[in-house]
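Worksheet: the structure to be examined is printed underneath.
Any read-out appearing in this document is the output of simple, stated calculations on the displayed coordinates, not a laboratory observation. None of the values given here were measured: they were computed from a predicted structure. Counting neighbours? That spans all protein chains shown, and the Cβs are built from the backbone with ideal geometry, glycine included.
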Amino acid sequence: MLREALQRRGVVEGISVCVVLAVWEAVADFVVAEPFKLPSPSSVLLAFYEISDTLPEDILVSFMHFGIGICMGAAVGITIGATMGWFRVVERSTDPIIEVTRAIPPLAWIPFAIAWLGCTHQAAGFIVFIGAVFPVLLNTYAGFRSVDRIYIDAARVLGCKTNASLIKSVAIPYSLPFIATGIRVGMGVGWMCVVAAEMLGASNSGLGFKLWFFYGLHMMDRVVAYMLVIGLLAMLLDRIFRCVVDARLLRWRKGLSVAV
């Protein structure tokens with residue numbers, strides 16, 4: 001009976017969460033005993049109620065920054081990555097520039113984002129773009145470079161004579177799993193860049209901005225509440241992306257795995 005109960009979806013997860021909350025409460029109340037250093041779960045729960053009026057607006061603003069950066073990162077990353085992967089001369093000419101640029105942390109671009117765009121949504125979105133574009137670019141490049149020569153020769157026999165037709169009929173379908181992985185990684189990096197950009201002055205609103213604002217007021221229970229919201233939203237974004245991609249773009253992979 002116990003084994004059957006534990007095998008039910010959500011039971012083990014719920015137990016683990018309850019254990020973590022109980023340990024957290026005990027440590028906060030009896031070990032640390034300083035709300036500034038470690039607020040208890042009960043105080044964080046109360047903080048959720050206190051920020052409930054402004055939290056939806058902060059979430060929408062951060063999603064706006066995230067959407068701007070991810071859309072730009074995906075468009076630029078896929079375009080450059082596909083071009084580099086398919087044309088050797090493009091790879092040779094752009095690889096040194098990309099290798100140097102991607103080694104620069106996204107947060108190092110914040111002064112330029114503020115200088116160019118001010119404390120605006122576009123400035124925060126630009127930082128997200130810097131964080132997201134390189135995972136998309138590199139994974140797209142890897143997908144295009146790994147296309148098997150047999151598929152290209154078969155497509156040519158079947159009538160695909162130009163680079164455009166080969167890219168459309170062979171390279172892009174073959175590279176979709178790589179591109180999806182790049183976008184997923186880019187989303188994770190981009191979401192962290194959203195919070196960091198808002199905290200460090202690229203925007204005067206959003207989840208990261210409010211987190212830093214409440215830290216300045218020494219209201220650590222609200223800081224932890226915003227941290228939990230940031231983590232939960234990241235998990236939600238990842239789950240939604242995986243469901244959409246697996247159900248629509250990569251549905252053929254399930255059939256292939258069953259056939260094999």
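Points worth noting:
- The string of couplings for the stretch 39-45 from the Karplus curve (6.51, -1.76, 1.60, θ = phi - 60°) is x, 7, x, 5, 5, 5, 4 Hz, one whole number per residue in order, with x for Gly and Pro.
- Length gained when the stretch residue 57-residue 149 is fully extended (0.36 nm per residue, less Cα-Cα span): 28.0 nm
- Once the Cα atoms are used to define both axes, helix 11-26 deviates from the longest principal axis of the chain by about 40 degrees.
- 5 angstrom amide H check on residue 51, placed H, neighbours 5+ away: none
- Table column - 3J(HN,Hα) (Hz), the stretch 132-147, Karplus curve with 6.51, -1.76, 1.60, x for Gly and Pro: 8, 5, 6, x, 5, 4, 5, 5, 5, 4, 4, x, 5, 6, 8, 4
- For residue 40, distant residues with modelled amide H under 5 Å away: none
- Against the chain, whose longest principal axis is taken from its Cα atoms, helix 55-86 shows a tilt of about 20°.
- Sorting 230-243, 134-147 by their mean Cβ neighbour count within 10 Å, with the most densely packed peptide first, gives 134-147, 230-243.
- Along the stretch 200-213 the Karplus relation, 6.51 cos²θ - 1.76 cosθ + 1.60 evaluated at θ = phi - 60°, assigns HN-Hα couplings of 9, x, 6, 8, 9, 7, x, 5, x, 4, 5, 4, 5, 4 Hz to successive residues, with x for each Gly and Pro.
- Listed peptides 37-50, 93-106, 75-88 appear in the order 75-88, 37-50, 93-106 once ranked by packing, highest mean of other Cβ atoms within 10 Å at the front.
- Cα shape, the chain, gyration tensor, a/c 1.5 rule: oblate
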